[in-house]
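Enquirer: This is the structure, below, for whatever I ask next.
The values are calculated or read from the model by the stated rules, or taken from the named source; none is laboratory data. A quick note: this is a predicted structure, and the numbers were derived from the prediction, not measured. Quick reminder, even Gly has a Cβ in these numbers, built from the backbone with ideal geometry, and neighbours come from all protein chains shown. Ligands, DNA and RNA are excluded from the accessible area calculation, which covers all protein heavy atoms including side chains. Shrake-Rupley method; radii C 1.70, N 1.55, O 1.52, S 1.80 Å.
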Amino acid sequence: MTIAEKEIKKFENHNCAENAVFYQAMEEVIYSIAPLLESDEKYSRHAILERLVVPDRIIKFKVTWLDDENKVQVNTGFRVQFNNALGPYKGGLRFHPSVNEGVLKFLGFEQILKNSLTGLSIGGAKGGSDFDPKGKSDFEIMKFCTAFMTELHKYIGPRIDVPAGDIGVGEREIGYLFGEYKKLTSSYEGALTGKPFFFGGSLMRPQATGYGAVYFTESMLEIEAKEPLSGKICTVSGAGNVALHAIEKLQQIGAIVVSCSDSHGTIYDPRGVDLELLKDIKEKRRASLEEYCSAHNEATYTSVLEYPEGGHAVWEIPCYAAFPCATQNELTELDAQTLITNGCVSVTEGANMPTTREATALLLSHKICFAPAKAANAGGVAVSEFEMSQNASMSKWSFEKVDAKLKETMQMICKRVALTAKDYGVEGNYVDGANIAGFKKVADAMIAEGI
Ligand code: GLU
């Protein structure tokens, strides 16, 4: 039995239906860090893995709110405070019907290592609710956020735990959450990031995850001696904050982005997507992507209903670089095979763990440059930390300063991941490099801080 198999066996009791994605993330990390565990027995002696896979605490609470018909609605709220060895708990809030404890444990666990990779002083956490913002009025969103914060405010603070956005939580929601936090605590402080700029947010926070993923990819392609993205066909999935800003940066550097998608279907526009129209449909009107084709009749729309067996229309489009920016496990082994057959050179995870384990293994075995989420999408949380710094010093940084620091951070993460992979005998494997580098920093802090 290998050291990884031995370690995984210890956590078999975590493997149940609700924990499926958490177990998947944990298994990947354990396999990756096996060379580190083998090279230094201190991690086993200090039972670091046993301590790392259990959150410090899980806060679970009821959220009751009144809808527009004055009917009482009940949802469940969570905050998983996973690990604060490197700094205050930090990570987003997700509002989506799929949210449960297992999903948030997966996201919180990934966040520990992601935040460690940024080199900044932030621990890992995640939270959210099974509340579905789709179809809700602005007023209902406000009432839900207010009710959610009534409970959450007891557990957060600028030096304790600093939530931010994720799927279903953007500037609007953060604004309402912040307003309620301020009211309940009587203090105007940076207990949340992703705030609108005019009351405490950082410039570039909305762009940070998408831009950061592109900066990371540029760096990775350079290190791996591949051609740059300029002039190349790129495919992007998703149409949320990460996807739209990845498209924006890709277009700025001269790449041709031909796709995007939402939970209902995929747009393929061979001439390059019209970002302004997409922003209007998705950000302003929160409408369906299908509308895109009425303005651009050379584009096609494929409904997900055409893929009852799984698979995804985005990944059938031949491309140089693919950017899955929608949600977990959206890119399957079948999709990975299609990408490889069509000559794809690089895959960057803009969303959290959008590639299944089997798909990742296949891409790596075909030497596709693969940028894992915890490294490639760390730009969002990095700029969140810049927001915390600005709030703490009551200052405002320029767009140029934040952008330069974001780029520098992404390049630093990329180099560190590549070098770590090389040091541990897995050159070119950014998954193992990211897991080892991220884990090592947290684990060393945990050892130094005692039990
Ligand atoms: N939800 C984002 C992530 O997955 C951002 C978290 C934050 O800014 O705290 O990294």
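Enquirer: Rounded to whole Å and ordered largest first, report the semi-axes of the equivalent ellipsoid of segment 373-420 derived from its Cα gyration tensor (root of 5λ).
Expert: 23, 11, 8
Enquirer: Oh, and also: Which value, in Å³ per residue, describes the convex hull spanned by the Cα atoms of segment 42-173?
Expert: Enclosed volume per residue, from the Cα hull, is 101 Å³.
Enquirer: Now, a different point. Along segment 92-108, what does the Karplus equation 6.51 cos²θ - 1.76 cosθ + 1.60 (θ = phi - 60°) give for ³J(HN,Hα), rounded to whole Hz, x for Gly and Pro?
Expert: Values per residue, Gly and Pro as x: x, 10, 10, 10, 6, x, 7, 5, 8, 4, x, 4, 6, 5, 4, 5, x Hz.
Enquirer: Relative contact order of segment 20-100: what whole-number percent is it, with Cα pairs under 8 angstrom and at least 6 residues apart?
Expert: 21 percent.
Enquirer: With θ set to phi - 60° and the Karplus curve 6.51 cos²θ - 1.76 cosθ + 1.60, what are the ³J(HN,Hα) couplings of segment 113-123 in order, to the nearest whole Hz, using x for Gly and Pro?
Expert: 6, 4, 5, 4, 5, 5, x, 9, 8, 9, x
Enquirer: How large is Rg/Rh for segment 27-110, to two decimals, with Cα atoms and a Kirkwood Rh?
Expert: Ratio of gyration radius to Kirkwood radius for segment 27-110: 1.14.
Enquirer: Check residue 257: other-chain or 5+ apart residues with amide H under 5 Å from its amide H, H built from backbone geometry?
Expert: 234, 273
Enquirer: From the C-alpha gyration tensor of segment 106-186, pull out the three semi-axes of the equivalent ellipsoid (sqrt of 5λ each), sorted largest to smallest, in whole Å.
Expert: 24, 16, 10
Enquirer: For the modelled label position 7 Å from the Cα of residue 172 along Cα-to-Cβ, which residues of segment 245-276 have backbone nitrogen atoms closer than 19 Å?
Expert: 245, 262-264, 276
Enquirer: Using just the Cα positions, wrap segment 180-232 in a convex hull and report its mean projected area in square nanometres, one decimal place.
Expert: Its average projected convex-hull area is 5.4 nm².
Enquirer: Once the other residues with Cβ under 11 Å from the Cβ of residue 66 are scored (Lys, Arg +1; Asp, Glu -1), what is the net sum?
Expert: -2
Enquirer: Would you mind listing how long segment 328-451 runs along its three principal axes, going by Cα atoms, in whole Å with the largest first?
Expert: Largest to smallest, the principal-axis extents are 52, 38, 24 Å.
Enquirer: At 1.4 Å probe size, with the rest of the protein present, what percent of the exposed accessible area of the chain is carbon and sulfur atoms?
Expert: Ligands and nucleic acids excluded, carbon and sulfur give 52 percent.
Enquirer: Let me ask another. If I model a spin label as a point 7 Å beyond the Cα along the Cα-Cβ vector, how far apart are those points for residue 276 and residue 185 in nm?
Expert: If labels sit at residue 276 and residue 185, their model points lie 4.1 nm apart.
Enquirer: Using alpha carbons only, how many angstrom separate the centre of segment 310-372 from the centre of segment 194-267?
Expert: 16 Å
Enquirer: Could you sort out which of 42/367; 405/441; 10/415 sit more than 31 Å apart by Cα distance in this structure?
Expert: Beyond 31 Å: 42/367; 10/415.
Enquirer: I would also like to ask the following. Could I have the simple spin-label model distance between residue 286 and residue 225, label points 7 Å from Cα toward Cβ, reported in nm to one decimal?
Expert: Each label point is offset 7 Å from its Cα along the Cβ direction, giving 5.0 nm.
Enquirer: Related question: So how do 283-294, 401-412, 212-223 stack up, highest first, on mean other-Cβ count within 10 Å?
Expert: Peptide ranking by packing, descending: 212-223, 401-412, 283-294.
Enquirer: Once phi is turned into θ = phi - 60°, what whole-Hz ³J(HN,Hα) does the Karplus curve with 6.51, -1.76 and 1.60 give for every residue of segment 138-154, x standing for Gly and Pro?
Expert: 4, 5, 5, 4, 4, 5, 5, 4, 4, 5, 4, 6, 3, 8, 4, 4, 5
Enquirer: Just to be sure I understand: if I project the alpha-carbon convex hull of segment 140-294 onto a plane and average over all orientations, what area do I get in nm²?
Expert: If I average the Cα hull's projected area over directions, I get 11.1 nm².
Enquirer: On to the next question. Normalised radius of gyration for segment 294-383, please: alpha carbon Rg relative to 2.2 N^0.38 Å, two decimal places.
Expert: 1.13
Enquirer: Among the lysines, select those whose C-alpha is under 23 Å from the C-alpha of residue 134, and discard any that sit fewer than 8 residues away in the same chain.
Expert: Excluding near neighbours in sequence, the set is 60, 62, 71, 126, 143, 195, 279, 282, 284.
Enquirer: If you don't mind, there's one more thing I want to ask. If you average the C-alpha positions of segment 126-181 and of segment 410-440 separately, how far apart do those two centres end up, in angstrom?
Expert: After rounding, the separation between the Cα centres reads 34 Å.
Enquirer: Quick check: pseudo-label points 7 Å beyond the Cα along Cα→Cβ at residue 9 and residue 56, how many nm apart are they?
Expert: It is 3.3 nm.
Enquirer: Let me ask something else about it. What does segment 151-217 give for Rg and for Dmax, in Å, if only its C-alpha atoms count?
Expert: 12.8, 43
Enquirer: Based on the alpha carbon coordinates of segment 229-313, what radius of gyration and maximum Cα-Cα distance (Dmax) apply, in Å?
Expert: 12.2, 36
Enquirer: I'd like the accessible area for residue 305, computed on protein heavy atoms only with a 1.4 Å probe and all protein chains in place. Round to 10 Å², please.
Expert: 150 Å²
Enquirer: As an exercise, take the mean of 1/r over every pair of distinct alpha carbons in the chain, invert it, and state the Kirkwood radius in angstroms.
Expert: 22.1 Å
Enquirer: Turning to a different aspect of this structure: Whole number in Å², please: accessible area per residue of segment 335-387, 1.4 Å probe, ligands, DNA and RNA not counted.
Expert: Normalised by residue count, the accessible surface of segment 335-387 is 24 Å².
Enquirer: Same structure, new question: Once you keep just the Cα pairs under 8 angstrom separated by 6 or more residues, what percentage relative contact order results for the chain?
Expert: 15 percent
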